[in-house]
1. Say the dipole of segment 192-381 comes from +1 at the beta carbon of Lys and Arg and -1 at that of Asp and Glu; which of 231, 215, 291 then lies farthest toward its positive end?
2. Once you order the gyration tensor axes a ≥ b ≥ c over the Cα atoms, which shape class does segment 251-290 get: rounded for a/c under 1.5, otherwise prolate or oblate by comparing a/b with b/c?
3. Could you derive backbone 3J(HN,Hα) for segment 249-258 from the dihedral phi with the Karplus parameters 6.51, -1.76 and 1.60 (θ = phi - 60°), listing whole Hz in sequence and x where the residue is Gly or Pro?
4. Which whole-Hz ³J(HN,Hα) couplings does segment 333-345 yield from phi under the Karplus relation 6.51 cos²θ - 1.76 cosθ + 1.60, θ = phi - 60°, glycine and proline marked x?
5. Quick check: net charge around residue 264, other residues with Cβ under 15 Å of its Cβ, Lys/Arg +1 and Asp/Glu -1?
6. Which whole-Hz ³J(HN,Hα) couplings does segment 176-190 yield from phi under the Karplus relation 6.51 cos²θ - 1.76 cosθ + 1.60, θ = phi - 60°, glycine and proline marked x?
7. Could you pull out every residue, at least 5 positions away or on a different chain, whose amide H is within less than 5 Å of the one on residue 372? Hs are placed 1.01 Å off N in the peptide plane, and Pro or chain starts have none.
8. 5 Å is the cut-off here: which amide hydrogens, built 1.01 Å from N in the peptide plane, fall below it relative to residue 173, excluding neighbours closer than 5 in sequence?
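Please treat every number below as a calculation from the coordinates, not as lab data. If you're wondering where the values come from, they're calculated on a predicted model, not measured in any experiment. As a convention, Cβ positions derive from the backbone with ideal geometry for all residues, glycine included, and neighbour counts pool all protein chains shown.
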Amino acid sequence: MLRGMTTSTTPLHRPGQLIANLPGILGFYPDDSVIFAAFRATGHRNRHQLGPVMRIDFDDLHVLPEVAASLDRDNHGLVFCFVVTERQGEDVEAVIDELFAVAEVGLIPIRACWATRRILTGEKIRLLFGPDSTSSTNGIAPSPSGQWADDVVAPVSQAQSMGPLLAQGELPDLNRDESFENFARWNPAVSGGHADELSEFAQRQAREIERSARSKPSVVEQPPEWASVLGIVADLRLMLEEINDEELTVADLMANQEILTTTATIMAGVLLRDAVIEDLIEQPRPAARLMLATARTFGGEIRANALCCYSLAALENNLSMRAMPALMAAQQECPGHSFSVLLLETCRVGAFPQLLTAVQRGSQLVRQTHGIGNANDDAAAA
């Protein structure tokens with residue numbers, strides 16, 4: 001079950017407009033899917049704001065109680081449903097019957113359900129059950145053309161939800177599998193064995209730096225700056241500036257073992273990871289590329305932490321649809337990984353701004369403990 005969210009407030013008046021936004025919200029073009037779009041009342045008559053969007057596989061209707069529980073927990077009283085499949089016959093009829101049944105008994109407050117073969121501009125949409133073409137859909141205003149019944153998919157490339165992706169030079173993935181493949185461990189420039197050797201070195205470095213940071217050495221025992229938390233933060237800032245200024249790609253970074261080893265050291269421990277989160281959020285575009293290159297190269301805790309930090313950069317870039325698969329990949333890499341559990345649970349309720357504020361504040365507290373200025377303060381001083 002995958003969940004996304006859009007914060008757009010531009011009015012949508014047709015099911016074709018709603019369904020055209022789904023690839024941008026989910027980050028991929030769904031197929032063989034049942035998608036639930038939940039709405040919150042705005043306080044204005046016939047005006048609702050699109051909230052969480054939840055997708056399940058066509059053959060996974062056994063999770064409908066989980067969908068219902070999530071929607072009930074978030075107090076969403078209006079839900080539209082979309083069935084996207086090229087299948088025909090009894091399989092489709094069985095799905096429609098079950099969706100109608102959960103709507104009838106009130107398990108999920110589905111006010112209308114539409115079906116389309118695929119989400120392509122101009123593709124036909126048919127109403128499976130719900131309002132007629134002139135009704136208000138129990139709270140949603142009818143379109144001027146009365147198209148709450150059958151419709152066609154609006155131009156997908158012009159959908160509001162595509163804006164954040166296009167701003168980053170990206171497009172939705174072709175399917176769900178491709179969306180998750182973005183976060184697979186695979187680096188053609190560094191063999192798995194060599195990556196493991198670099199990982200062991202990075203972990204030793206991280207342990208030594210964190211041990212020194214937590215002890216109280218005398219003046220003569222002070223570690224060199226490059227082996228301190230302060231030095232690590234400075235190194236990261238320089239790397240982010242270099243990535244940004246030279247427009248380095250993920251592929252470029254995957255081929256740079258010096259950058260990879262330094263970043264792996266940072267991601268090998270909680271203290272160093274938390275200390276740099278402030279800078280990663282302040283420079284999310286280069287940070288996302290750096291964290292993705294690191295996650296594709298290394299395994300274990302380094303990979304899980306890099307995926308978590310990638311997700312934070314993605315959220316700051318308004319790409320929640322990229323954050324969720326990254327966090328799921330982190331959980332798959334390290335089941336029970338506490339940081340990814342925390343981030344994923346918060347993302348599932350759509351509390352993206354609150355999450356970013358909380359982790360950034362936590363990073364600032366770590367930095368204060370080690371005498372490191374915040375990113376904004378340092379920029380102002382410069």
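1. Going by the Cα projections, it comes out as 215.
2. Values: a/c = 3.32, a/b = 1.22, b/c = 2.72.
Oblate.
3. Running phi through 6.51 cos²θ - 1.76 cosθ + 1.60 with θ = phi - 60° gives 8, 4, 5, 4, 5, 5, 9, 9, 5, 5 Hz.
4. After applying 6.51 cos²θ - 1.76 cosθ + 1.60, I find 5, 9, x, x, 3, 4, 5, 5, 4, 4, 5, 5, 5 Hz.
5. Numbers: positive: 185, 204, 207, 273, 296, 303; negative: 196, 197, 200, 208, 210, 235, 258, 301, 333.
Result for the local shell: -3.
6. 5, 4, 5, 4, 7, 5, 4, 10, 5, 7, 6, 9, x, 8, 9
7. none
8. Those qualifying (amide H under 5 Å, at least 5 residues apart or on another chain) are 28, 29.
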